[in-house]
Amino acid sequence: MATNILIADQETHFFSDVCKNFDHAAQFTKHDAGLLDQIKSCNSVYRFRFPIRKGNSFEVIDAWRVEHSHHQSPTKGGIRYSEMVNEDEVMALAALMTYKCAIVNVPFGGAKGGIKINPKNYTVSELENITRRYTVELIKKNFIGPSIDVPAPDYGSGEREMSWIADTYATMNPGQLDAMGAVTGKPIALHGIAGRREATGRGVAIATRECVSVGEDMQRIGLLPGLSGKRVIVQGLGNVGYYSAKFLSEMGAIIVGLCEFEGAIYNENGLDIEAVFQHRKATGSILGYAAAIQEFTNTMEGLEQPCDILVPAALENQITEANIRNIQAKIIVEGANGPTSPEAEAIFYANGGIIVPDMFANAGGVTVSYFEWLKNLSHVAFGRMNRRFEENSNLNLVNMVEGITGVALTPVQRSTIIKGASELELVNSGLEDTMIRSYHEIREIYKSNPEIGTLRNAAMVGAINKIAVSYQNLGIWP
Ligand code: NAD
């Protein structure tokens, strides 16, 4: 009973939290109140129910698709599979998608979907039925299509579900040349793109690296610049959390703590992400991992252990007034959407911390989804047309330089210089460029308007200004 009340209570918060952030940031812009209202509101909220067969009986599934903003088309956003999904949450996540796309200059409006199930309670065949039926419901109402609304994975869904959606959409739209562009996050064998699976986590790691690279900001919070040796705790060992931890550790940070729903583990000397991941795969839990010095059955205690950087990468509403004062990190990088409440953020900043906000920090996923969509529309893999041409040009250049200087490069040097870019390298380069540029764009707004107060407000101000320009250019018709 108490849990239900808590869930109901959470239901009313997330969208209003996002709107609170919006309203606060909007004060620092000069737009008409009506235009701001248009930007903030969810344009279309589609709530539907459909039956599935479960064993010998029927079950009715609750589902949503919300298109928050049509200032750009198509709209874009993941589909969450969770028994906690509710309308308020899907609206909040759709709104965050709008701001996120604007921040990283991805030309989409924001959207989000939700299916209220715990995937663990269904067989693969039942999950396939649910996903295909969900897709058909979207098709019936024109809520999906490469130029309309393009779903992607989110909490509880992945490449497998995106394959089912792609196949259902293509089957229901025979002959539509761009059908594969109706959904992103597909496996590479089904018109996906190299690097999409790990893109959000890679983006989180790059966002973190950029944040700690600014000497002036690090000095203010009492840290040395650079990722090397920074102690990091990650919450959630799913898609975003696992890859965030992996890339942060590859960039020189030390992952000292990992938190999953069953508990948390800690070792100040560092945890081997891959080994913990394999241990969890084998035993079903991160607890019991031999190299952990401390274990916490109350997973929330894991967030409060000594570290420099905390990466919440599980769910919203994890860092609140109730625990923010116990968080020892100086920097929070939001891998998840909405992990920090506005009240907790105010306290964290007042105590001298920095939060790298979700709508920028986890935008790597949508950035690479954009690349996948472009690939699907152009029907050619990145690098396919120019790779060999580049290699031949580079080879001519190397031969010429060797001829002029009389110095012969080693075979390794030659192949490094000559090699043309693969799709993965191009995707990672586009992602890195996007994250670096966007971070410094946000920081510039933050620095040049001290009264803005937080990086989240700065990111929101930048997003509002870009979206306002789009709406003004579009005009109103009819
Ligand atoms: P996922 O389902 O792959 O992983 C989530 C992980 O969090 C799971 O391992 C789950 O067991 C764990 N978890 C659940 N409750 C927890 C708790 N109380 N404490 C600790 N761990 C808990 O989901 P994901 O795709 O990694 O998404 C995580 C977050 O990142 C969500 O907020 C999602 O909206 C956001 N996000 C995801 C993407 C993406 O590309 N997948 C992109 C942007 C943002």
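A few comments on the model shown:
- Residues in the stretch 176-209 that are within 15 Å of the ligand (Cβ to nearest atom), of a type in the set (Lys, Arg) and in a helix (DSSP H, G or I): Arg202 alone.
- When the stretch 381-392 is limited to residues that are within 12 Å of Lys419 (Cβ to Cβ) and open to solvent by less than 60 Å² (accessible area, probe 1.4 Å), the one that is nearest to the chain's Cα centre (by Cα) turns out to be Gly383.
- Residue that is nearest to Ala111 (Cα to Cα), among those in the stretch 34-59 that are polar (S, T, N, Q) and part of a strand (DSSP E or B): Ser44
- Scanning the stretch 230-242 finds no residues that are among the β-branched types (Val, Ile, Thr), within 23 Å of the chain's Cα centre (by Cα) and open to solvent by 50 Å² or more (accessible area, probe 1.4 Å).
- Residue identified as modelled with pLDDT of 95 or more and away from the ligand (no atom under 14 Å from the Cβ) among Val256, Val240: Val256
- Total residues in the stretch 345-369, condition closer than 17 Å to Ser16 by Cα and either within 16 Å of the ligand (Cβ to nearest atom) or at pLDDT below 95 (or both): 3
- The helices (runs of 4 or more DSSP H) located wholly in the stretch 378-478 that include 3 or more residues which are small (Gly, Ala, Ser) occupy 423-448, 455-474.
- Within the stretch 146-191, the set of residues being farther than 22 Å from Val124 by Cβ and open to solvent by 30 Å² or more (accessible area, probe 1.4 Å) comprises Ser147, Ile148, Asn173, Pro174, Gly175, Gln176, Leu177, Asp178, Met180.
- Within the stretch 243-257, the residues that satisfy the criterion of being over 16 Å from the mean Cα position of the chain (by Cα) and closer than 13 Å to Val311 by Cα are Ser249, Ala253, Ile254, Ile255, Val256, Gly257.
- Output for the stretch 454-478, where each listed residue is under 18 Å from Pro357 (Cβ atoms) and open to solvent by 30 Å² or more (accessible area, probe 1.4 Å): Asn465, Lys466
The values are calculated or read from the model by the stated rules, or taken from the named source; none is laboratory data. Source: prediction; values computed, not measured. FYI the Cβ positions are ideal-geometry reconstructions off the backbone, even for glycines, and counts take in every protein chain you see. Just the protein is used for accessible areas: all its heavy atoms, side chains included, with ligands, DNA and RNA removed. Shrake-Rupley method; radii C 1.70, N 1.55, O 1.52, S 1.80 Å.
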